[in-house]
Amino acid sequence: MPAAAFVERLNEQIGHEFAAHQQYVACAVHYDGETLPQLARFFYRQALEERGHAMMMVRYLLDADAAVTIPGVTAPRVAFADIVEPVALGLDQERRVSEQINALAATAREAGDYTSEQFVQWFIKEQVEEVATMSDLLRVVSRSQHDPMAIEDFLVREHPGADGGDPTAPRLAGE
Ligand SMILES: [Fe+2]
Ligand SMILES: [Fe+2]
């Protein structure tokens with residue numbers, strides 16, 4: 001059985017991941033409305049990844065016979081002044097999640113719950129990638145904000161499709 005303190009925090013994190021899903025859908029819709037299909041696709045895909053993170057955490061708790069409480073989420077931001085703001089927001093969000101995930105690992109370790117600590121390791125690595133991806137994109141979007149087609153071309157080149165899946169990733173609930 002995972003430590004009670006870890007279960008409580010992981011349930012909170014499920015809420016953060018679902019909130020991130022909603023926020024990225026809102027970003028995608030903003031770009032879709034501006035007819036920037038590659039930026040929209042990038043964020044729709046990112047949103048699905050966030051849902052996946054939540055469902056991995058749900059599965060971990062279910063498999064460990066711990067309580068799962070699916071929370072409501074706060075409303076995402078839906079209005080953006082330009083095409084840079086959603087990416088800047090995304091980078092802030094990823095940095096915040098990295099801190100949350102590190103705090104989760106610390107909670108598990110302090111409780112001597114090494115199974116949960118190991119579960120969190122995958123997310124630590126994932127956050128390093130997500131922060132790097134979003135900060136690269138912010139640099140590109142900031143540089144080319146008055147030439148959106150250059151950003152679209154960058155995404156076609158550098159992020160052509162869903163990456164083939166990570167065999168080391170925890171499984172999702174419902175899979
Ligand atoms: Fe996430
Ligand atoms: Fe993320």
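The values are calculated or read from the model by the stated rules, or taken from the named source; none is laboratory data. Predicted model only: the values in this text are computed from it and were never measured. Ligands, DNA and RNA are stripped out before the accessible areas are found, and what is left, the full protein with its side chains, is counted by its heavy atoms. Shrake-Rupley method; radii C 1.70, N 1.55, O 1.52, S 1.80 Å.
Annotations
- Across the range 7-24, computed HN-Hα scalar couplings (Karplus, 6.51 cos²θ - 1.76 cosθ + 1.60, θ = phi - 60°) run 4, 4, 5, 5, 4, 4, 5, 4, x, 5, 5, 5, 5, 5, 4, 4, 5, 6 Hz from first to last residue, x flagging Gly and Pro.
- With all protein chains modelled, accessible area of R157 [1.4 Å, Å²]: 150 Å²
- Per residue solvent-accessible surface (Å²) - the chain, probe of 1.4 Å: 52 Å²
- I83 - accessible surface, heavy atoms, 1.4 Å probe, Å² rounded to 10: 20 Å²
- ³J(HN,Hα), Karplus 6.51/-1.76/1.60, whole Hz, each residue of the range 128-139, x for Gly, Pro: 4, 5, 5, 5, 5, 4, 6, 6, 4, 5, 4, 5
- Once the Cα-Cα distance is subtracted from the 0.36 nm per residue extended length, the V78 to E110 segment shows a gain of 7.7 nm.
- Among the protein heavy atoms of the chain, carbon and sulfur supply 53% of the accessible surface, probe 1.4 Å, non-protein parts ignored.
- Helical content of the chain, expressed as a calculated mean residue ellipticity at 222 nm, amounts to -25000 deg cm²/dmol (DSSP H runs of 4 or more residues, -39,500 (n - 2.57) each, divided by residue number, nearest 500).
- Computed over the chain: relative contact order in percent, which uses C-alpha pairs under 8 Å that are six or more apart: 31 percent
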